[in-house]
Amino acid sequence: MNIFISWFPMLLLIGVWVFFMRQMQGGGGKGGAFSFGKSRARMLDDSKERVTFADVAGCDEAKEEVGELVDFLRDPSKFQTLGGRIPRGVLMVGSPGTGKTLLAKAIAGEAKVPFFSISGSDFVEMFVGVGAARVRDMFEQAKKQSPCIVFIDEIDAVGRQRGAGLGGGNDEREQTLNALLVEMDGFEGASGVIVIAATNRPDVLDPALLRPGRFDRQVVVPLPDIRGREQILVVHMRKVPVASDVKADILARGTPGMSGADLANLVNEAALFAARRGKRFVEMDDFESAKDKIMMGAERRSMIMPEEERRNTAYHESGHAVVARLLPKTDPVHKVTIIPRGRALGVTMQLPSEDRYSMDKTRILDTIAVLFGGRIAEEIFMHQMTTGASNDFERATDMARRMVTQWGMSEALGTMVYGENEGEVFLGRSVTTHKNISEATMQQVDAEIRRIIDQQYSLARKLIEENRDKIEAMTKALLEWETIDADQIDDIMSGKPPRPPKPTPSQPPQPPQDAAPTAPATTTTPTQPAQET
């Protein structure tokens, strides 16, 4: 006992020293002082619920492309007998929210092979050389588990073009990229390791990363079309109790340009609206209200507007709506509201009748005229100008400038691109911005933009002056009901008195009854984001 008591402090010090040495060498988990070079890739756990291709909708072509990877991993001999080899890497490209990461999860769920997941930003730290060490460690772990899949999300964080930026210095990101290039297809190569990467910025990636042998295949995951949106809505509607009146095909037609993430958010917002109203099922009215909130912003009914400003907003929105209905190549007017939503005091909502992938010259000119309709109505009926049309002018000028300088839609200046080199300095594209057109040509460009704008402005003014009665009728309906839909707009345009608004969806009892005139609030529905203000 005396010997133990005398040696106890020494044994305690030795134990503490051993413990700290193990921690510093990385033996104590992720926090070791020498564990910076260890890979942060997480291996997918089989115990969690796996995502399969049945959970991915709206991108059939992308599913077919990556489905070959799953077939190869399950039965390699099927391809090897004909001399084919599996792609070393697959780069998934698409807009934010289209389902690139979900597609990678589905590949992992279908392939039944080890799956490592890591983000591009996990490689780079404040310490020099850490990113490259992590890349080497990740591939070393993956080779031990081959055949396997390594998924790198947001690869543009480390895969940006080399030689970018100004000044000297050691770029840690370039070392990480060099290590990634060598591991994917260097002297040894990564046999049995398939790299899947996702990005929404393919234009900034290094060319050496995109060559065959590294990323052999680029899979574009586009925004869903009308059938894709319907399939995505059906997938998400499985998770909520939906009423019998909800039609996924009608909702798909009314949500052009929405991504898979937007549609998932739409279903979630509709469920929240139904819960607020005390319903047992999510009804079509809840989806309409959710669509309004997402596309236009939440209603600001507490906002008190002076009567003159309210009348001005009603004339402004009526001007947009009437010009849009009279011109041939414009999207149908879905609804008009003067209820403040988001940052807008009023909205004229136009929904395309079908998916559109390009625009012709007539449609662009008609759109410019519609944008001017609001200010012209203010001038003619209220005899004043307000700041509410600033966004309309900005968008109209931008469209006219693009027609002249980019799209070759000007007879005077022909089919040539005019403008300055706008390459980003920190991507190594252009260190100096230089003009490639002369001063005289720039004056011609400005004069042509001015001509297009003046021409469409006078067209919109002519239409509004010829249809003053329709503007007055629409303004009166807006001031009375605050929101009118396509049916009421049809009545006004045909010269008939507008039908009364549809009843509002059932809501919890509301205290005052003077909110009755604003009933159509829940009927206000969406259009393209910030269509008109």
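The values are calculated or read from the model by the stated rules, or taken from the named source; none is laboratory data. None of these values were measured; they are calculated from a predicted model. Using ideal geometry, Cβ is built from the backbone for each residue, glycine included, and neighbour counts are taken over all protein chains shown. For the accessible areas, the whole protein counts, side chains as well, though only heavy atoms, and no ligand, DNA or RNA atoms are used. Shrake-Rupley method; radii C 1.70, N 1.55, O 1.52, S 1.80 Å.
So how far apart, in nm, are the two label points at His383 and Phe8 if each is 7 Å from Cα heading toward Cβ?
Label at His383, label at Phe8, 10.0 nm between them.
Would you list, by chain and number, the lysines whose Cα falls below 30 Å from the Cα of Lys470, excluding same-chain residues fewer than 8 positions away?
Lys291, Lys293, Lys329, Lys335, Lys361, Lys462, Lys496, Lys502
Taking the Cα centre as origin and putting +1 on Lys and Arg beta-carbons and -1 on Asp and Glu beta-carbons, what dipole magnitude results for the range 270-364, to the nearest 20 debye?
So the magnitude is around 180 debye.
Please pull out the direction-averaged projected area of the range 57-160, using the convex hull of its alpha-carbon atoms, in nm² to one decimal place.
Computed as one quarter of the Cα hull surface, the answer is 7.8 nm².
Report the Stokes-Einstein translational diffusion coefficient (µm² s⁻¹, integer) for the range 201-318, Rh taken as the Kirkwood radius over Cα pairs, at 37 °C with viscosity 0.692 mPa s.
Diffusion coefficient, whole number: 189 µm²/s.
Under a Cβ-Cβ cut-off of 11 Å, what is the net charge of the residues other than Glu230 that fall near it, where Lys and Arg count +1 and Asp and Glu count -1?
+2
Can you tally the net charge around Thr255? Count Lys and Arg as +1, Asp and Glu as -1, for every other residue whose Cβ sits under 15 Å from the Cβ of Thr255.
Here the charged neighbours net out to -3.
Largest first and in whole Å, give the semi-axes of the range 263-314's equivalent ellipsoid, each being the square root of 5 times a Cα gyration tensor eigenvalue.
Working from the Cα gyration tensor, I get semi-axes of 28, 12, 8 Å.
Rounded to whole Å and ordered largest first, report the semi-axes of the equivalent ellipsoid of the range 292-391 derived from its Cα gyration tensor (root of 5λ).
24, 18, 10
Ala54 versus Ala447, label points 7 Å from Cα toward the beta carbon: distance in nm?
6.8 nm
With a Förster radius of 51 Å, plug the Cβ-Cβ distance of Phe19 and Arg74 into 1/(1 + (r/R0)^6) and report the FRET value to the nearest 0.05.
That gives a FRET efficiency of 0.65.
Once phi is turned into θ = phi - 60°, what whole-Hz ³J(HN,Hα) does the Karplus curve with 6.51, -1.76 and 1.60 give for every residue of the range 204-216, x standing for Gly and Pro?
Once θ is set to phi - 60°, the couplings for the range 204-216 become 9, 6, 5, x, 5, 6, 8, 6, x, x, 10, 9, 5 Hz.
With a 1.4 Å probe and all protein chains left in place, how much accessible area per residue does the range 222-286 have, in Å²?
On a per-residue basis, 49 Å².
Quote the Stokes-Einstein diffusion coefficient, in whole µm² s⁻¹, for the range 337-413, based on the Kirkwood radius over alpha carbon pairs, a temperature of 25 °C and a viscosity of 0.890 mPa s.
For the chosen part, D equals 170 µm²/s.
Once you charge only the Cβ atoms, +1 for Lys and Arg and -1 for Asp and Glu, what is the size of the charge dipole of the range 54-176 about its Cα centre, to the nearest 20 debye?
400 debye
Determine, from the Cβ-Cβ distance of Lys112 and Asp245 and an R0 of 51 Å, the FRET efficiency 1/(1 + (r/R0)^6), rounded to the nearest 0.05.
Computed FRET efficiency for Lys112 and Asp245 comes out at 0.80.
For the ranges 66-79, 399-412, what's the packing order if you count other beta-carbon atoms within 10 Å of each residue, average per peptide, and put the highest first?
Per-residue mean Cβ counts within 10 Å order the peptides as 399-412, 66-79.
Among 477-489, 234-246, 2-14, how do they line up by average Cβ neighbours within 10 Å per residue, starting with the highest?
Peptide ranking by packing, descending: 477-489, 234-246, 2-14.
Would you check the accessible area of Asp469, probe 1.4 Å, heavy atoms only, in square angstrom rounded to 10?
Surface accessible to solvent at Asp469 totals approximately 100 Å².
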